[in-house]
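Since every read-out is calculated from the coordinates, none of them should be taken as a lab result. In this text the structure is predicted, and so the values were computed from the model without any measurement. Glycine gets a Cβ as well: all are built from the backbone with ideal geometry, and neighbour counts include every protein chain shown.
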């Protein structure tokens with residue numbers, strides 16, 4: 001009697017209590033479930049010349065090859081083919097496709113192996129299929145689903161591969177997508193989730209031999225958003241060319257350039273040297289991975305005299321100085337225990353404020369900073385955006401560094417007045433000059449012009465004004481003074497015949513990590529605004545550790561002039577200085 005009770009209990013357990021388990025096991029052998037990647041959004045640049053978008057990044061259809069090992073009945077045939085095709089050792093493949101040297105897999109193993117390779121074209125899929133089973137054609141019929149099966153337990157899964165048709169163009173803006181499909185650096189990383197979309201899932205029925213018969217269910221994914229950038233491909237190309245030539249010609253270690261629309265903050269070009277090709281990111285050595293960082297947004301510098309227009313603007317804005325007032329400025333001034341010199345180690349008698357800017361006189365800036373005072377100066381610096389991220393849609397942006405007000409002593413205020421002791425990124429500096437180009441109003445930099453939703457609808461991104469920093473008349477006075485820098489000062493080589501161009505040089509000693517500054521290493525920079533009577537463009541260019549010349553007027557200034565000439569002609573801006 002007891003024996004019968006035990007047998008009934010076992011029967012009940014197997015047939016009732018474990019019924020769901022065995023059904024699940026059967027289904028796991030009958031069905032395969034795979035994730036289907038969404039199509040990553042496209043990134044476009046603009047082309048004002050052709051009035052049509054240019055693809056900077058897109059995802060193209062490719063295939064990954066994988067297997068259901070339990071259904072690979074002839075591994076001795078398949079393994080050599082896969083090994084030769086994908087550069088995998090036969091021993092490694094045998095571990096994936098056979099079970100302890102045979103093909104008799106347990107029920108809970110051998111259902112799936114990770115892909116052997118990614119990025120196969122249709123032609124490569126057909127060629128591989130013909131090697132493994134010449135008599136079995138491969139169908140790419142979309143109605144059959146995203147999994148393509150042909151023979152011997154081998155199947156292909158549709159995927160997308162990221163490509164960059166323009167190669168290194170705007171590489172630092174874009175970043176790249178790695179082999180796992182993750183956005184790295186730049187725009188690809190900042191908007192990774194929106195570009196990626198949402199993966200779907202497909203369930204496929206198998207027969208007893210492991211052949212995939214048909215899709216039996218799916219969960220639809222969502223393709224990624226696409227973006228039209230403010231970048232113009234032609235201007236970007238010219239900016240990269242001019243910058244690379246300047247870095248080479250003036251024997252600099254590196255360089256950056258930003259070209260921005262003065263009234264909208266739209267970035268028309270952003271480039272850095274050295275650069276890379278996002279199609280070949282894997283070729284960059286471990287020692288050189290720093291090349292992926294975009295120094296325009298992620299590196300901060302002391303730019304020196306290019307900052308001086310802001311000191312002058314603060315004084316003008318508060319009625320503490322006028323462009324025409326005259327004064328004697330000595331060769332040096334003492335601030336406590338420190339001595340500040342003019343770059344040419346000479347004094348300037350009977351000099352106007354405008355002429356002090358033209359000649360880039362440090363002691364004149366120190367005098368103005370004393371009139372402005374630390375609290376007022378610090379307030380303007382905050383309004384100009386120094387010490388804060390600009391909010392541009394690129395990964396890795398740093399905030400730069402602005403000394404807290406309580407730490408801004410007389411010597412700090414004095415050095416900041418001529419551009420030392422304040423760290424900014426090239427983008428922050430470019431954005432700050434929108435206040436001078438745009439009647440005193442700060443404009444937020446932007447890199448996106450339009451967002452294209454997965455359903456095709458478009459959303460425009462409007463310019464964002466961040467507030468009135470200087471009075472309109474102050475900005476106008478400063479543009480006139482900066483125009484004089486081009487006409488009579490150190491920026492002559494940045495001029496463009498027929499146009500009024502405003503500008504300012506910057507030659508800054510490079511800080512020594514051990515303390516102080518290098519005596520023989522300089523960062524050259526130049527800011528250019530044109531046309532200065534109705535500003536349309538701002539160019540900011542910097543060259544790090546120039547070896548061929550002492551001052552930026554001989555390096556950064558001519559490069560900025562070449563770019564501004566291209567811009568004015570490209571947009572067919574009428575001459576303003578006949």
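FRET efficiency for the pair residue 81 and residue 51, taken as 1/(1 + (r/R0)^6) with r the Cβ-Cβ distance and R0 = 45 Å, rounds to 0.35. Normalised by the number of residues in the stretch 229-570, the mean separation of alpha-carbon contacts (under 8 Å, six or more apart) gives a relative contact order of 23 percent. Taken as Cα centroids, the stretch 494-549 and the stretch 147-177 sit 41 Å apart, rounded to the nearest whole angstrom.
If R0 equals 22 Å, the separation of the Cβ atoms of residue 514 and residue 410 corresponds to a calculated FRET efficiency of about 0.30.
Computed from Cα positions, the angle between helix 2-12 and the longest principal axis of the chain comes to roughly 50 degrees.
With neighbour counts taken as other beta-carbon atoms within 10 Å, the residues 528, 193 rank, fewest first, as 193, 528. The fewest-to-most ranking of 162, 497, 222 by surrounding Cβ atoms within 10 Å reads 497, 222, 162. The mean sequence distance of close C-alpha pairs (under 8 Å, at least 6 residues apart), as a share of the length of the stretch 429-557, puts its relative contact order at 21 percent. For the chain, the longest principal axis of the Cα atoms and the long axis of helix 556-570 meet at an angle of about 70 degrees.
Our summary gives the chain a relative contact order of 14 percent, counting only alpha carbon pairs under 8 angstrom and 6 or more residues apart. Against the longest alpha carbon principal axis of the chain, how many degrees, from 0 to 90 and to the nearest 10, is the axis of helix 308-317 turned? It is inclined by approximately 60 degrees.
What is the order of 194, 455, fewest Cβ neighbours within 10 Å to most?
If I rank by nearby Cβ atoms, fewest first, I get 455, 194.
Could you please state, rounded to a whole Å, how far the C-alpha centre of the stretch 446-482 is from the C-alpha centre of the stretch 308-326? Value for the Cα centre distance between the two parts: 26 Å.
At the listed q of 0.07, 0.13, 0.16 Å⁻¹, the Debye profile of the stretch 229-570, built from one uniform point per Cα, gives log10 I(q)/I(0) equal to -0.27, -0.95, -1.48. In the set [x] 223; [y] 182; [z] 152, which value of volume of the Cα convex hull per residue in Å³ was calculated from the structure you see? The value matching this structure is [x].
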